[in-house]
Each structure stands twice: as structure tokens, then as C-alpha cells.
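> Can you read through this structure? Questions will come right after.
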Amino acid sequence: MNRITNPFLVYGYAGPDYFCDRKEDTQKLISALRNGRNITLMSPRRMGKTGLIKNAT
């Protein structure tokens with residue numbers, strides 16, 4: 001029997017090549033931080049909050 005492997009990354013940040021559909025969010029985050037505003041990211045777990053921060057830096 002062949003074992004099916006999960007094609008999705010399920011942990012960690014693998015870099016910008018695997019970070020998709022968040023360009024607008026990334027730009028908003030960078031803009032807010034450059035303007036000295038405080039940011040709160042709220043979302044259910046495993047939705048990409050840490051990845052968004054790492055992608056912006």
C-alpha cells in the first residue's frame with residue numbers, strides 16, 4: 001500500500017516562495033510599522049500570523 005504524503009507545509013515558515021496570497025497584508029503590515037503604529041494580529045491558530053511577520057521582515 002502506498003502512503004499518501006501531505007503536499008502542504010504544516011509547520012514552520014519555509015520562505016517567501018511558499019508564502020502566497022498575502023501581498024496586500026504584508027504591505028499593510030510593513031507600512032504600519034514604518035509609520036510607528038502598533039499592530040495586533042488576531043486570527044485562529046495556524047492561519048499564518050507568524051509567517052506574515054517573518055515574510056515582512
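> Looking only at residues in the stretch 11-45 that are loosely packed, with under 13 Cβ neighbours inside 10 Å and in contact (Cβ under 8 Å) with a residue 12 or more places away in the chain, which one is nearest to the chain's Cα centre (by Cα)?
Filtering the stretch 11-45 for residues that are loosely packed, with under 13 Cβ neighbours inside 10 Å and in contact (Cβ under 8 Å) with a residue 12 or more places away in the chain, the one nearest to the chain's Cα centre (by Cα) comes out as Pro16.
> Here is a list of conditions, (1) surrounded by 11 or more Cβ atoms within 10 Å (Cβ to Cβ); (2) more than 12 Å from the chain's Cα centre (by Cα); (3) free of Cβ contacts under 8 Å to residues at least 24 places away in the same chain, and Lys49 meets all of them except one; can you say which number that is?
Of the numbered conditions (1) surrounded by 11 or more Cβ atoms within 10 Å (Cβ to Cβ); (2) more than 12 Å from the chain's Cα centre (by Cα); (3) free of Cβ contacts under 8 Å to residues at least 24 places away in the same chain, the odd one out for Lys49 is (2).
> Hey, can you tell me all the residues within the stretch 1-30 that are among the acidic types (Asp, Glu) and modelled with pLDDT under 80?
Taking the stretch 1-30 as the starting set, the residues that turn out to be among the acidic types (Asp, Glu) are 17, 21, 24-25.
Hit for the stretch 1-30 is Asp17, nothing else.
The values are calculated or read from the model by the stated rules, or taken from the named source; none is laboratory data. Owing to the predicted nature of the structure, the values given are computational and were not obtained by experimental measurement. So basically every Cβ, Gly included, is an ideal-geometry build from the backbone, and we count neighbours across all protein chains shown.
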